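K.L.:
For reference, the structure I am asking about is given below.
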Amino acid sequence: MRRAHGPAVCAAAFAAVLLAGTAAAQKRPADSASGAAPRAASAATGAKPTGAASYGQRFAGLCAACHGANGRSDLPGTPVLAGQHSFYAITQLFLFREGRRSNEAMTAVAKTLTNDDLRGFSEFIGTLPPVPPPPAATPPDPAKMSKGRELARQHKCVFCHGDDFAGGAQVPRIAGQREDYLRDSLRGFKSGQRPGYTQAMIEAVSQVPVDDLDTMAYYAARFPLAGTATPSASAPRAGASAPR
Ligand code: HEC
Ligand code: HEC
């Protein structure tokens with residue numbers, strides 16, 4: 001089922017290398033007292049804390065204004081990062097920084113990030129638990145929810161994103177993501193405006209009518225988040241053939 005796509009594979013491999021570097025870097029301090037002095041020195045001189053904790057502080061200063069302090073964004077067009085996977089996050093940060101994925105606001109930020117930053121921010125994002133959407137003013141439309149559910153099965157979205165839409169590794173969580181952002185992303189994959197880091201999404205949506213993409217965005221945005229205390233007001237329910 002997997003096919004080799006040149007540049008996509010490179011991006012994936014690059015991201016994997018970046019992440020692997022983190023694990024190694026985090027183990028290093030304990031045993032670096034003697035040998036790794038020169039490298040440790042540059043990190044130590046600024047007395048900057050390293051690891052996810054320091055990136056938590058930097059996230060608060062640099063990212064939270066748009067993405068929300070807990071990773072749940074309130075801004076139109078700005079994705080929720082809470083519950084997102086670090087491997088997915090790093091690939092997207094990489095695509096933004098390299099100018100392959102483009103958005104005025106996000107590209108400007110990504111251009112300033114070093115490889116260590118890509119790692120650090122992605123790891124921090126990976127620690128943010130999923131946050132359910134605020135209770136909706138109106139309950140989900142049962143007919144739209146069941147249509148969305150049917151479409152997601154028909155088009156095998158669940159095959160990659162999971163029955164719970166929680167994703168994993170390089171496949172993003174889409175459950176509880178902002179509807180406007182989901183809609184724009186799906187339309188973007190279809191029109192070619194948003195590049196994938198693999199061809200997976202482009203192939204998945206190429207034959208799907210835009211109306212159906214919008215219905216799936218509606219559905220995924222209202223999908224109850226597994227493992228979180230979803231307020232019943234925002235959960236699809238009451239006759240809305242609850243997604244399972
Ligand atoms: C000025 C607002 C703004 C700031 C500041 C910002 N972002 Fe973003 N970010 C966005 C927008 C808007 C998008 C969606 C762009 C698009 O639709 O292509 C995005 C997308 C992303 C994505 C991809 C999410 C996905 O689901 O594909 C990641 C990861 C991300 N941002 C991380 C960060 C990090 C880390 C920082 C801080 C270093 C940051 N952002 C700062 C606005 C911002
Ligand atoms: C073969 C696996 C696969 C299938 C099938 C698939 N996806 Fe994806 N999806 C991915 C991957 C991988 C990404 C990450 C995008 C990239 O390559 O950069 C993604 C990204 C997305 C995004 C962007 C999320 C974000 O945070 O930016 C949305 C929305 C999405 N998929 C929805 C769907 C829907 C709806 C379907 C069914 C029509 C679907 N996907 C089918 C693998 C898949």
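The values are calculated or read from the model by the stated rules, or taken from the named source; none is laboratory data. What you are looking at is a predicted structure, and each value in this text was computed from that prediction instead of being measured. When we count neighbours, we look across all protein chains shown, and the Cβ atoms used for this are built from the backbone with ideal geometry, even at glycine.
K.L.:
Applying the selection to segment 57-113, what residues are closer than 16 Å to Ile125 by Cα, charged (D, E, K, R) and in a loop (DSSP other than H, G, I, E, B)?
P.N.:
Arg72
K.L.:
Please specify each residue of segment 171-182 satisfying the condition of being within 11 Å of ligand 1 (Cβ to nearest atom) and of a type outside the set (Val, Ile, Thr).
P.N.:
Pro172, Arg173, Gln177, Arg178, Asp180, Tyr181, Leu182
K.L.:
Something else now. Given (1) touching a residue at least 24 places away in the same chain (Cβ under 8 Å); (2) out of contact with any helix residue (DSSP H, G or I) (no Cβ under 8 Å at 6 or more places or on another chain); (3) among the polar types (S, T, N, Q), where does Thr114 come up short, assuming only one miss?
P.N.:
Going through the list (1) touching a residue at least 24 places away in the same chain (Cβ under 8 Å); (2) out of contact with any helix residue (DSSP H, G or I) (no Cβ under 8 Å at 6 or more places or on another chain); (3) among the polar types (S, T, N, Q), Thr114 breaks only (1).
K.L.:
Shifting gears a bit: Checking the structure you have, find out if any residue of segment 110-126 is away from ligand 2 (no atom under 16 Å from the Cβ), outside the structural domain of Leu182 (by TED's automatic domain parsing), surrounded by 16 or more Cβ atoms within 10 Å (Cβ to Cβ) and modelled with pLDDT under 95.
P.N.:
No, segment 110-126 contains no residue that is away from ligand 2 (no atom under 16 Å from the Cβ), outside the structural domain of Leu182 (by TED's automatic domain parsing), surrounded by 16 or more Cβ atoms within 10 Å (Cβ to Cβ) and modelled with pLDDT under 95.
K.L.:
Name the one entry in Phe189, Phe165 that is without any contact (Cβ under 8 Å) to a residue 60 or more places away in the chain, within 15 Å of ligand 1 (Cβ to nearest atom), touching a Phe, Trp or Tyr at 6+ places or on another chain (Cβ under 7 Å) and not aliphatic (A, V, I, L, M). Working first, answer last.
P.N.:
On the way: Phe189 fails: touching a Phe, Trp or Tyr at 6+ places or on another chain (Cβ under 7 Å).
Phe165 is the lone residue from the list that is without any contact (Cβ under 8 Å) to a residue 60 or more places away in the chain, within 15 Å of ligand 1 (Cβ to nearest atom), touching a Phe, Trp or Tyr at 6+ places or on another chain (Cβ under 7 Å) and not aliphatic (A, V, I, L, M).
K.L.:
If you take the residues of segment 90-123 that are of a type in the set (Val, Ile, Thr) and under 14 Å from the mean Cα position of the chain (by Cα), which of them is farthest from Ser185 (Cα to Cα)? Before you say what the answer is, go through the steps one by one.
P.N.:
Of the residues in segment 90-123, the ones of a type in the set (Val, Ile, Thr) are 90-91, 107, 109, 112, 114.
Retained after the next criterion (residues that are under 14 Å from the mean Cα position of the chain (by Cα)): 90-91.
Numbers: Ile90: 17, Thr91: 16 Å.
Restricting to residues being of a type in the set (Val, Ile, Thr) and under 14 Å from the mean Cα position of the chain (by Cα), the top hit is Ile90.
K.L.:
Scan segment 69-90 and tell me whether some residue there is touching an Asp or Glu at 6+ places or on another chain (Cβ under 8 Å), at pLDDT 95 or above and more than 16 Å from ligand 2 (Cβ to nearest atom).
P.N.:
Quick first cut of segment 69-90, residues touching an Asp or Glu at 6+ places or on another chain (Cβ under 8 Å) only: 76-77, 86.
Next, only the ones that are at pLDDT 95 or above stay: 76-77, 86.
Still in the running and more than 16 Å from ligand 2 (Cβ to nearest atom): none.
Taking every residue of segment 69-90 in turn, none turns out to be touching an Asp or Glu at 6+ places or on another chain (Cβ under 8 Å), at pLDDT 95 or above and more than 16 Å from ligand 2 (Cβ to nearest atom).
K.L.:
If Cys160 meets every condition in (1) surrounded by 19 or more Cβ atoms within 10 Å (Cβ to Cβ); (2) touching a strand residue (DSSP E or B) at 6+ places or on another chain (Cβ under 9 Å) apart from one, which number is that one?
P.N.:
(1)
K.L.:
Please go through segment 131-173 and give me each residue that is farther than 23 Å from Gly83 by Cα and within 15 Å of ligand 2 (Cβ to nearest atom), ordered by number.
P.N.:
To start, the set of residues in segment 131-173 that are farther than 23 Å from Gly83 by Cα comprises 137-139, 141-144, 146-147, 150-151, 154-155.
Listed by number, the residues that qualify are Lys144, Lys147, Glu150, Leu151, Gln154, His155.
K.L.:
If you don't mind, there's one more thing I want to ask. Which of the residues spanning segment 134-189 are among the charged types (D, E, K, R) and in a loop (DSSP other than H, G, I, E, B)?
P.N.:
Of everything in segment 134-189, those that are among the charged types (D, E, K, R) and in a loop (DSSP other than H, G, I, E, B) turn out to be Asp141, Lys156, Asp163, Asp164, Arg173, Arg178.
K.L.:
To continue, here is another question. Based on what the data block shows, is Tyr218 among the aromatic types (Phe, Trp, Tyr) and within 11 Å of ligand 1 (Cβ to nearest atom)?
P.N.:
Criteria not met by Tyr218.
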